[in-house]
Amino acid sequence: MSKFFAWFATPVGKKFVGIAAVTTTCGVFSAHYFPQTFLLKNYYHDFVTMRKNGNPLPVTPKLTALVNEVFDDLKLDEYKRVIIKPFMVFGFDVWHAGFLSSRFGSLIGLPINFTYTDEKLINKESILINNEPVEWNSEEAKQLIDSLMLSEEAKKYAIAREILMTDNTNVTTQAIVSSLLVGACYGFTSHLNESLKNFQKPQSLRVLFYGIMGTFFWGLWTMQKDAWTRYIEADVDKLLAQLGPVYVKGGHEYYEKLAKRNAALRRLLGGEGQNLYTANGNEVIWLRQKRLPVSYRKQYFGDLLKNYEVTNAQAS
C-alpha cells in the first residue's frame, strides 16, 4: 500500500493526478448541467413521472387550465409557454427541473393531490407510509388528509413558484462554480504540497492534509449552493407577492398546509419522522440548511396577508 501511495509522488504520478483532476472538473460540470438539459427528458422526466398501469398519468384538463392561468398571471411569452412541460409527478410535492434559458426548457411536476376536489373521493388505500397502510381514524392521519386538500389559490402559487425557480441561471451557475471549486481544490492542494514539502513527510500526514482540504472545499461548495438557493427562494416569493392578494393568500395557505403535513408525517413515521421534521413542520437541519424554513415562508405571506386585510378594512 505504501508503494502505491508513493507512486503519486513521482513525476508520472503527479501528471496522472493532474489529468484526473481536469477530468473530474469536467465531469462535475457535466453531472450538474447535462441532466438539466440534454438528459432532461430521459433522466428526470421518466424517472419521477407518476404512472398508472405502467403509463404516465396525464395532466387533467382542469389542471392544464390552471397552469395556463398561471402563465397569464406571470405574463410569459409564447416561447416560454411552449418549453415549459407540466406533468404528473410521483409523490405529494411540486417539482421542477431544467431552466427557461435553455432550449430544452423546464419540467414542472404536479402532484396527484392537485387533482383532489373532495376529501371523500380520495383513494386512501393508495397512500402508504413506509409501505404500510395508514390508520385513517387517527388524528395525525386526518391531519395529513386535510393538508393535501388545497385551494386553487394555493395550487396557483405552487405552480408559479416552480416556474420561477427555473427562470434563472442557477443550473449554469452551479455547474460552473462546482467545477471551479474542484479545480481550485486540486490547484491549491498541489501548491501547498510543494510549498510545505508534504511529499517528504509521512503518508499519514498527507492523507490527513488531503482530508482537511477536501472538507474545506466541500464546505465552501455547500455554503454557496445553499445560500444561493435560499436567496432565489426568497426572491421568487417576493416576485409572487407582487402579483397581488391571490398569490399572497395562496402562498400562506400552501405553507400552512405543508407545515401541517410535515407535522403529521413526523408522528406517522415515528422515530424516522422526528429525524425529518420538527413539531412545527420545518425540516430538521443537520449540517446544511438547503431551503428556507417552511415557518419562515408561511410567516412572510401571513404578514403580507394581514397587511392586505388591514388595508381593506381601512378602505371600507
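The values are calculated or read from the model by the stated rules, or taken from the named source; none is laboratory data. Note that the structure is a prediction, hence the values are computed from the model and not measured. Cβ placement follows ideal geometry from the backbone for every residue including glycine, while neighbour counts extend to all protein chains displayed.
Quick notes on this structure:
- Among residues of the range 21-48 that are under 19 Å from residue 165 (Cα atoms), those with a beta-carbon under 6 Å from a residue that is surrounded by fewer than 17 Cβ atoms within 10 Å (Cβ to Cβ) at least six positions away or on a different chain give the pairs 35/43; 48/90.
- When residue 9 is tested against (1) within 22 Å of the chain's Cα centre (by Cα); (2) modelled with pLDDT under 95; (3) outside any helix (DSSP H, G or I), just one condition goes unmet, and that condition is (1).
- Residue check, residue 198 buried (at least 18 other Cβ atoms within 10 Å of the Cβ) and either of a type outside the set (Phe, Trp, Tyr) or at positive phi (or both): yes
- A search for C-beta distances below 7 Å between a residue of the range 230-250 that is closer than 14 Å to residue 296 by Cβ and any residue that is charged (D, E, K, R) and assigned to a helix (DSSP H, G or I), counting only pairs 6+ apart in sequence or on different chains, returns 236/161; 237/297.
- Qualifying positions in the range 68-111 - buried (at least 17 other Cβ atoms within 10 Å of the Cβ), of a type in the set (Phe, Trp, Tyr) and more than 19 Å from residue 170 (Cα to Cα): 71, 87
- The single condition among (1) over 20 Å from the mean Cα position of the chain (by Cα); (2) assigned to a helix (DSSP H, G or I); (3) not hydroxyl-bearing (Ser, Thr, Tyr) that residue 223 does not meet is (1).
- Residue match in the range 224-234 (condition: hydroxyl-bearing (Ser, Thr, Tyr) and farther than 15 Å from residue 24 by Cα): yes
- Test result for residue 142, farther than 30 Å from residue 215 by Cβ, in a helix (DSSP H, G or I), in contact with a helix residue (DSSP H, G or I) (Cβ under 9 Å, 6 or more places away or on another chain) and free of Cβ contacts under 8 Å to residues at least 24 places away in the same chain: yes
- Checking every residue in the range 121-135 against the condition of being exposed (fewer than 13 other Cβ atoms within 10 Å of the Cβ), in contact (Cβ under 8 Å) with a residue 60 or more places away in the chain and not aromatic (Phe, Trp, Tyr) gives at least one match.
- One residue stands out among those in the range 145-183 that are of a type in the set (Gly, Ala, Ser) and in a helix (DSSP H, G or I): the one that is farthest from residue 109 (Cα to Cα), which is 183.
- Filter pass, residue 183 being loosely packed, with under 13 Cβ neighbours inside 10 Å and either within 30 Å of residue 9 (Cα to Cα) or over 16 Å from the mean Cα position of the chain (by Cα) (or both): no
- Any chance residue 221 is in contact (Cβ under 8 Å) with a residue 40 or more places away in the chain and of a type in the set (Phe, Trp, Tyr): yes
- Residue check, residue 80 closer than 23 Å to residue 35 by Cα, basic (Lys, Arg) and under 19 Å from the mean Cα position of the chain (by Cα): no
- Residue count for the range 239-285 under the criterion of being closer than 26 Å to residue 69 by Cβ and touching a helix residue (DSSP H, G or I) at 6+ places or on another chain (Cβ under 9 Å): the result is 22.
- Close pairs from the range 165-183: first of a type in the set (Asp, Glu), partner part of a loop (DSSP other than H, G, I, E, B), Cβ under 6 Å, at least 6 apart: 167/100
- Count - residues of the range 189-217 that are part of a loop (DSSP other than H, G, I, E, B) and closer than 15 Å to residue 14 by Cα: 1
- Single residue of the range 49-67 satisfying the filter (assigned to a helix (DSSP H, G or I) and in contact (Cβ under 8 Å) with a residue 12 or more places away in the chain) that is nearest to residue 174 (Cα to Cα): 67
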